[in-house]
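> One structure, pasted below without further comment.
The values are calculated or read from the model by the stated rules, or taken from the named source; none is laboratory data. Source: prediction; values computed, not measured. Positions of Cβ are backbone-derived with ideal geometry, glycine not excepted, and every protein chain shown enters the neighbour counts.
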Amino acid sequence: MELKVACIGAGCAGTSHMLRMEKYQPGCCIAFSDIDRSNFDRIVAGYLDTGDTRTAGDLKTEAFELRPGFRDLPFYTDPEEMLQKEDINTVIIASYCSHHAAAVETCVRHGVNILLEKPIAITREDVRQVWELLRDYPKVTVVNLSLRGSPVSETARRHILNGDIGRIVSVQYVNNVHYGDNYFRRWMRTRQNVGSLLLQKATHDLDLINYFTGLKPEAVAAFGSRQVYGGDMPDDLTCDACERRMLCPMSIYRRKLDASRPLPGSSTRLCVYAREIDIDDNQVLVIRYEGGVTASYSQTFNAPHHGGQRGGYFIGTEGIMDFRFYGDFEEHPDTGAYVKGASTIRITRFNDRPGSYTEEVHDWANVGHFGSAENLAQGLISLLQGGESPMNASIREGYISAVMCLAAQESIETSKVIDIRQDI
Ligand SMILES: NC(=O)c1ccc[n+]([C@@H]2O[C@H](COP(=O)([O-])OP(=O)(O)OC[C@H]3O[C@@H](n4cnc5c(N)ncnc54)[C@H](O)[C@@H]3O)[C@@H](O)[C@H]2O)c1
C-alpha cells in the first residue's frame with residue numbers, strides 16, 4: 001500500500017511523527033491540519049535551515065535529508081476539509097489531548113488508518129467514545145505509547161516471557177520526573193487540557209507494567225496532591241518578564257542564563273506558580289491484577305535535574321528484575337542533547353550463587369525516548385503494509401491504560417478503591 005500521511009495537530013509530537021514517516025518513506029506526507037501552523041514552521045525550519053532540531057521536542061527524529069518541498073505541504077485549519085480535499089489513507093492525531101476524541105471521530109468517518117497520540121482522550125465520556133469508535137475499526141489503529149519499542153523494554157519483556165524470574169508476583173515502579181517543571185510551563189498544566197498528569201505521564205508506565213506482565217488490572221486505589229506548583233501569579237506571566245526572574249528558584253530565565261543556553265519559546269516558559277494550575281504534581285497508586293498480583297506506582301514532578309528515576313522492580317517467584325530507563329546521563333553543553341546515557345536491567349535469581357547476577361546495558365545516547373521512536377515508526381509501517389508489530393500499542397491497550405488513570409483520579413477524589421473489571 002502506498003502511504004499517504006496527514007497529521008492533525010502539527011506541534012512537537014505531530015511534526016516529529018511526520019518527519020519520521022518521511023525519513024522511512026520519502027514523499028509520503030501529503031498535508032497537515034492545525035489551528036496554528038507556527039509550530040510546524042519552526043520545527044521544519046530546524047531541519048531545513050538552521051540545523052537546530054531542539055524545538056521538535058523529545059519525539060524528534062535525527063536530522064536527515066528532508067525534501068525542501070516538505071515545508072510547503074498543504075495546510076488546513078479544518079481537518080474535515082483536509083480529508084475531503086486530499087487523497088489521504090493514514091492520519092497522525094497529535095492535537096491537544098482534549099481534542100483527540102473529535103479527531104478520531106473525523107478520521108473514522110473517512111475510513112483512514114490512525115496513529116493516535118496518548119492518552120486516547122481525557123474524560124470518561126471521550127475515552128469511552130474513542131473505545132467504541134475504534135474497538136472493531138477495520139483499519140490499522142495504534143496508540144503511541146512510546147516507552148514500548150525501546151531496546152531495554154523489549155528485552156525486559158522477553159525476560160519475563162521467557163520465565164527468567166518465574167511467575168510475576170508483584171511490581172514496584174517509580175517515575176521521578178526530573179523535567180517535571182516543563183509540564184507546568186505550558187498548556188499541559190490544567191485539568192481542562194490534560195485531565196491529570198496520570199493521563200499525561202503514568203499512562204506510559206502503567207501500560208508498560210501491563211505489557212511486561214501480560215496481566216489484566218482489576219482494581220486501583222490512589223492518593224495525590226499538588227505540593228509544588230500553582231499559586232497566585234498571572235496565567236500569562238513568563239519568567240523573562242517577571243521582576244523575580246533572577247531570584248525565583250524556578251526561573252527558567254535564570255536557569256538558562258546560568259547554563260548559557262537559549263530561552264525556550266514563550267508558550268513554554270510560563271510561570272509555574274500561575275493561578276490556573278489545577279492538576280496534582282505527585283501521585284501514588286496501588287493496583288490489583290488478576291490472580292492477586294499487586295503493583296505500586298508513584299510519580300512526582302519535582303525531582304532535581306540529575307535526580308530522576310524511571311523504572312522499577314519486577315518480582316517473580318524465581319528472582320527479581322531491576323529495570324531502569326536511566327541513571328547517570330550527560331548533556332551536550334550547547335545543544336542539551338544527551339551525549340551519554342543508558343538503560344539497565346539487572347536480574348538476580350534465587351538459586352544463583354550469592355555474588356551472581358546478570359546485568360545488561362542499553363545505550364541510548366543521541367537517540368530520543370530511549371531509542372523507542374524509530375522502532376515504533378518502523379513497526380507502524382510494517383502494520384500499514386500488512387505485517388505484524390506487537391510492540392505498537394493497540395487501541396485496547398491504550399484504552400486500558402486510560403481507564404486505569406481515570407480510576408486512579410476517581411480514587412484520589414473519592415478515597416475509594418475503584419474496580420475496573422466491568423470497564424475492560
Ligand atoms: N507519546 C509520547 O511520548 C508523547 C510525547 C509528547 C506529546 N505527546 C502527546 O502528543 C500530543 C501533542 O503534544 P505536543 O507536546 O506535541 O504539544 P504541542 O503543543 O507541541 O503540539 C500540539 C499541537 O496541536 C495543535 N492543536 C491544538 N488543538 C488543535 C485542534 N483542535 N485541531 C488541530 N490542531 C490542534 C496545537 O496548535 C499544536 O500545534 C498530546 O496529546 C501529548 O499527550 C506524546
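> Could you tell me how many of the residues in the range 280-307 are farther than 24 Å from Asp328 by Cβ and among the aromatic types (Phe, Trp, Tyr)?
Selection size over the range 280-307: 1.
> Kindly list the number of the only condition in (1) part of a helix (DSSP H, G or I); (2) more than 16 Å from the ligand (Cβ to nearest atom); (3) within 25 Å of Lys85 (Cβ to Cβ) that fails for Leu3.
(1)
> Say whether the condition of being under 12 Å from Gln299 (Cβ atoms) and among the small types (Gly, Ala, Ser) is met by at least one residue in the range 165-179.
Looking for residues that are under 12 Å from Gln299 (Cβ atoms) and among the small types (Gly, Ala, Ser), one finds none in the range 165-179, hence no.
> Is the range 348-363 home to any residue that is part of a helix (DSSP H, G or I) and either under 27 Å from Arg54 (Cβ atoms) or within 16 Å of the ligand (Cβ to nearest atom) (or both)?
Taking the range 348-363 as the starting set, the residues that turn out to be part of a helix (DSSP H, G or I) are none.
Within the range 348-363, not a single residue is part of a helix (DSSP H, G or I) and either under 27 Å from Arg54 (Cβ atoms) or within 16 Å of the ligand (Cβ to nearest atom) (or both).
> In the range 61-75, which residue that is within 16 Å of the ligand (Cβ to nearest atom) and not in a helix (DSSP H, G or I) is modelled with the lowest pLDDT? Steps first, answer last, please.
Narrowing the range 61-75 to residues within 16 Å of the ligand (Cβ to nearest atom): 61, 71, 73-75.
If we keep only those that are not in a helix (DSSP H, G or I) too, we end up with 61, 73-75.
Details: Thr61: 86, Leu73: 98, Pro74: 98, Phe75: 98.
Among those residues, the one meeting the criterion is Thr61.
> Let me ask something additional. (1) under 17 Å from Arg158 (Cα atoms); (2) at pLDDT below 95: which one isn't true of His362, the others all being true?
(2)
> Where the second residue is within 7 Å of the ligand (Cβ to nearest atom) and the first is free of Cβ contacts under 8 Å to residues at least 60 places away in the same chain and lies in the range 32-47, which pairs have Cβ atoms under 6 Å and are six or more apart or on separate chains?
Phe32/Ala10; Ser33/Ile8; Ser33/Pro79; Asn39/Gly11; Phe40/Ala10
> Among the residues of the range 228-261, which ones are in a loop (DSSP other than H, G, I, E, B) and among the hydrophobic types (A, V, I, L, M, F, W, C)? Working first, answer last.
Our first condition is that a residue be in a loop (DSSP other than H, G, I, E, B); within the range 228-261, this holds for 228-232, 234-237, 242-251, 259-261.
Within the range 228-261, Val228, Leu237, Cys242, Met246, Leu247, Cys248, Met250, Ala259 qualify.
> Is there a residue being small (Gly, Ala, Ser), loosely packed, with under 14 Cβ neighbours inside 10 Å and part of a loop (DSSP other than H, G, I, E, B) anywhere in the range 390-404?
No, that holds for no residue.
> Counting only residues that are within 12 Å of the ligand (Cβ to nearest atom) and either touching a strand residue (DSSP E or B) at 6+ places or on another chain (Cβ under 9 Å) or part of a loop (DSSP other than H, G, I, E, B) (or both), which one in the range 12-31 is nearest to Arg186 (Cα to Cα)? Write out each step before concluding.
The initial filter retains those residues of the range 12-31 that are within 12 Å of the ligand (Cβ to nearest atom), namely 12-18.
Keeping just the survivors that are either touching a strand residue (DSSP E or B) at 6+ places or on another chain (Cβ under 9 Å) or part of a loop (DSSP other than H, G, I, E, B) (or both) gives 13-15, 17-18.
Values: Ala13: 15, Gly14: 17, Thr15: 18, His17: 21, Met18: 23 Å.
Checked the range 12-31; the qualifying residue nearest to Arg186 (Cα to Cα) is Ala13.
> Within the range 269-312, work out how many residues are surrounded by 22 or more Cβ atoms within 10 Å (Cβ to Cβ), of a type in the set (S, T, N, Q) and more than 18 Å from Phe325 (Cα to Cα).
So the answer is 1.
> I've got another one for you. Can you tell which of Ala295, Ala303 is modelled with pLDDT of 95 or more and assigned to a strand (DSSP E or B)?
Values: Ala303 fails: assigned to a strand (DSSP E or B).
One residue alone meets the criteria, Ala295.
> Looking at Asp34, Asp78, Asp58, which is the one that is within 9 Å of the ligand (Cβ to nearest atom) and under 22 Å from Asn182 (Cα atoms)?
Numbers: Asp34 fails: under 22 Å from Asn182 (Cα atoms); Asp78 fails: under 22 Å from Asn182 (Cα atoms).
Going through Asp34, Asp78, Asp58 in turn, the sole match is Asp58.
> For the structure I just gave you, tell me whether Asp41 is at pLDDT 95 or above and either more than 24 Å from Val108 (Cα to Cα) or assigned to a helix (DSSP H, G or I) (or both). Even if it seems obvious, please write down each step before you answer.
Details: at pLDDT 95 or above: yes; either more than 24 Å from Val108 (Cα to Cα) or assigned to a helix (DSSP H, G or I) (or both): yes.
Taking the combined requirement at face value, the residue satisfies it.
> A further question follows. Taking the range 242-288 on its own, how many of its residues are under 15 Å from Asn302 (Cβ atoms) and among the acidic types (Asp, Glu)?
Count: 2.
> Condition (residue is within 26 Å of Phe64 (Cα to Cα), in a strand (DSSP E or B) and without any contact (Cβ under 8 Å) to a residue 24 or more places away in the chain) applied to the range 262-274: is it met by at least one residue?
no
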